[in-house]
Each structure stands twice: as structure tokens, then as C-alpha cells.
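Participant: Below is one structure. I have some questions about it.
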Amino acid sequence: MTDMEATAPKAARPGLMKRLFDRCMEVSAGPHALWLLAVVSFAEASFFPIPPDPILAAIVLARRERAWIAALVCTVFSVLGGLAGYAIGAGLYEAIGQPVIVFYNLQEAFHTFQLRFDEWGGWIIVAKGLTPIPFKLVTIASGVAHLNLATFIIACIITRGLRFFLVAGLFYAFGPQARAIIDRHFSKVMIAGTILVILGFVAVVYI
């Protein structure tokens, strides 16, 4: 080893969150990524807390040619999960739906959402499905209100399709630049993401 090699600074090891992000990108480029996206999309619409958007974005960043099929998978399985949430609200609210709402501390938001059904009907699903508000809140409340099933399905297809194809389209168009920004400014991106999550919780309570 030369003196120069001995005195050269070692490359800093990436932090835990950066290593997790890199691992997520590896999984998103793999053969099981769309299956994972389908499972999360289905579960999030009825009981799971994590939205599928980050996984969808990661898949598009990792393999840009998968953008539209990933958005379609996300939409289809989110609507199917929405039907499961509707069934919980319509027939199993006390046994399953109410514990889910209480677990995520969404009682007040759930009550407010129910009140707005009388005025907006299916349009409230379209509006709320595009926001950070947990979609399970929308689907379970729709079942409790016994919203017309055809109206519910159409509204879910519209709102989920708009949201997920928009996310896929943005990352398809700006993916290379976004990946470069994430790699260069990972800590700042994480802080911005945390702020967005906080704003999402605020939206659940006040919107």
C-alpha cells in the first residue's frame, strides 16, 4: 500500500435509510415487484396503512418501461381492495370495520365523511380518493352508507386510475432527473417526504 492509498479518505458508507432505498430499488426492478404492488394496493384500500404510491414510484424509477402496466395493476387491485372495504362496511362494520377505524384513530374523519355522502354521493369518493386521506376510510364508509354499488365501483375506477396513472406519468417523464436528485440529496428528500406525510395526517383530521 502506498502512502497516498494509506492517507486517502475512505468513502462514507451510506446511511440506513439510503441502504433501504437502494434495496427497495433492487426489489422494484425484480420479477416480483408487480405482485408486491398488487398486494399492497389491495390491502391499503381496506385495512393496510401504507399507500401503494411509493412502490409504484419505485417500480417506475427502477424500470421505466413498466410505468403503465404498474399503474394499471395498482388501479385494478386498489378497486378490488375497495370492494373488500365496502363489504366490511356493509356487513362486518362492528366486527372488522370499526376496529380498523379506531386503530388508525380516524373516528372523527369517518363521521365527517359519512355526513358528506348525503350532499355529494359518489363524487365524494372521487374527490377524497385523490387526496392523502386513507382510502380505507372512503371504502368502509361507502359500505356503511350502502352507496349504490355500481356508483361506488365507477367512482373508485375514476379516482384510483387518475391518481395512479398521474403518479406513473410523472415518474415516467421525470424519473431520470428524480433519481439523480434522490441520489445527490437523499437526506433533503427524506425530510420533504416526512413533511408530506405529516400534511397527509393533517388532511385526514381537518379536510
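Participant: Restrict the check to the stretch 114-136 and report whether at least one residue is touching a helix residue (DSSP H, G or I) at 6+ places or on another chain (Cβ under 8 Å), closer than 13 Å to PHE47 by Cβ, touching a residue at least 12 places away in the same chain (Cβ under 8 Å) and part of a helix (DSSP H, G or I).
Facilitator: Yes, there is a match, as at least one residue in the stretch 114-136 is touching a helix residue (DSSP H, G or I) at 6+ places or on another chain (Cβ under 8 Å), closer than 13 Å to PHE47 by Cβ, touching a residue at least 12 places away in the same chain (Cβ under 8 Å) and part of a helix (DSSP H, G or I).
Participant: Kindly evaluate GLU94 against the criterion of being touching a residue at least 40 places away in the same chain (Cβ under 8 Å), among the acidic types (Asp, Glu) and either assigned to a helix (DSSP H, G or I) or farther than 27 Å from TRP35 by Cα (or both).
Facilitator: So GLU94 fails the test.
Participant: Same structure again: Does the stretch 31-45 contain any residue that is modelled with pLDDT under 75 and hydrophobic (A, V, I, L, M, F, W, C)?
Facilitator: Scanning the stretch 31-45, I find no residue that is modelled with pLDDT under 75 and hydrophobic (A, V, I, L, M, F, W, C), so the answer is no.
Participant: Can you find a residue in the stretch 65-84 that is at pLDDT 85 or above, under 16 Å from LEU147 (Cβ atoms) and surrounded by fewer than 22 Cβ atoms within 10 Å (Cβ to Cβ)?
Facilitator: The answer is yes; a qualifying residue exists.
Participant: Failed condition for VAL100, given (1) within 30 Å of GLY30 (Cα to Cα); (2) assigned to a helix (DSSP H, G or I); (3) touching a residue at least 24 places away in the same chain (Cβ under 8 Å), with all others met?
Facilitator: So the condition that VAL100 fails would be (1).
Participant: Looking at the structure I just gave you, is VAL102 over 27 Å from PHE165 (Cβ atoms), modelled with pLDDT under 85 and β-branched (Val, Ile, Thr)?
Facilitator: Judged against the criteria, VAL102 is a match.
Participant: All but one of (1) surrounded by fewer than 20 Cβ atoms within 10 Å (Cβ to Cβ); (2) in a helix (DSSP H, G or I) hold for ASN105, so report the exception by its number.
Facilitator: ASN105 satisfies all of (1) surrounded by fewer than 20 Cβ atoms within 10 Å (Cβ to Cβ); (2) in a helix (DSSP H, G or I) except (2).
Participant: Residue check: is GLU119 of a type in the set (Asp, Glu) and at pLDDT below 75?
Facilitator: yes
The values are calculated or read from the model by the stated rules, or taken from the named source; none is laboratory data. Treat the numbers as computed from the prediction; the structure is a model and nothing was measured. Here the Cβ is made from the backbone with ideal geometry for all residues, glycine too, and neighbour counts use every protein chain on show.
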